[in-house]
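Q: Here's a structure for you.
Only the coordinates and a few stated rules stand behind these numbers; no lab work does. Remember, it's a predicted structure, so these values are computed and weren't measured experimentally. As a convention, Cβ positions derive from the backbone with ideal geometry for all residues, glycine included, and neighbour counts pool all protein chains shown.
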Amino acid sequence: MASNVHERTINASATEVGALLDRLGGPDDRLWPGPEWAPMILDRPLQVGADGGHGSVRYRVIEHQPGQRVRFEFRPGVGFDGWHEFTVEPLGADRCRIRHVVLAEPRGLMRILFPLCVEALHDAVLEDLLDRAELAATGRVERPARWSAWVRLWRLTEGAERRRGAEYAAALGVSGPVAAR
């Protein structure tokens, strides 16, 4: 079983950061890091039943508590059985923690790819997302994430993946910043 956790404490209210979470995968998404990564696109606003993903990783929303939590279940065929979720936890009036957790069983080729390259890329995109959350909520990032040499190497191969994400956005009729990522 693969378990992966990323979190950041942000000096902003949980209400403010939760509002950012509720735009995830939509045209006014300020969290998902683009244009560096394949866009996260959902077929409708964030709610139970919304379907989408990023690049070739597909998932659907199975639980949603507005401003607090969203859980996605991986779709069959993506190489994982399980889920990933974002939560926003208040730590006082003007402080909160945003967390991303994956709990999934790699299947098939993903048993090899996950430890070889997918995990490092996943870690990088999540740290970039946490940078964006901090920037959107506070106007600055205290300790920006840095990509490892390994991630930079793998990113050279992902231009085609980003193009596929833009094609998927066009097929859904999504335009604007999300489609451009």
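Q: Sorted from fewest to most neighbouring beta carbons within 10 Å, what does the list 71, 146, 107 look like?
A: Details: 71 19, 146 9, 107 16.
Going from sparsest to densest Cβ surroundings: 146, 107, 71.
Q: Can you tell me the dipole magnitude for the stretch 25-158 around its Cα centre, using point charges on the Cβ only (Lys, Arg +1; Asp, Glu -1), in Debye to the nearest 20? Before the final figure, lay out the partial values.
A: Values: 18 positive and 20 negative charges, 22 e Å.
Once rounded to the nearest 20, the dipole reads 100 debye.
Q: How are the Cα pair distances of the stretch 106-160 distributed, in percent, across 5 Å bins from 0?
A: Using 5 Å bins, I get a P(r) of 4, 19, 20, 20, 16, 11, 6, 3, 0 for the stretch 106-160.
Q: What list of ³J(HN,Hα) values in whole Hz, one per residue of the stretch 23-34 in order, does the Karplus curve 6.51 cos²θ - 1.76 cosθ + 1.60 (θ = phi - 60°) give from phi, with Gly and Pro shown as x?
A: Residue by residue, the stretch 23-34 yields 9, 3, x, x, x, 10, 5, 9, 8, 5, x, x Hz.
Q: Can I ask one more? Let me check against my output: what whole-number percent is the relative contact order of the stretch 2-173, with C-alpha pairs under 8 Å and at least 6 apart?
A: Numbers: 321 pairs, mean separation 44.9, N = 172.
Relative contact order comes out at 26 percent.
Q: Determine Rg/Rh for the chain; Rg is computed over alpha-carbon atoms and Rh is the Kirkwood hydrodynamic estimate from the same atoms.
A: Radius of gyration over Kirkwood radius for the chain works out to 0.94.
Q: Ok, one more. R0 = 30 Å: FRET efficiency of residue 1 with residue 156, Cβ-based, nearest 0.05?
A: It comes out at approximately 0.45.
Q: While we're looking at this one, here's another question. Neighbour counts of other C-beta atoms within 10 Å: give me 30, 140 arranged from fewest to most.
A: Lowest count first: 140, 30.
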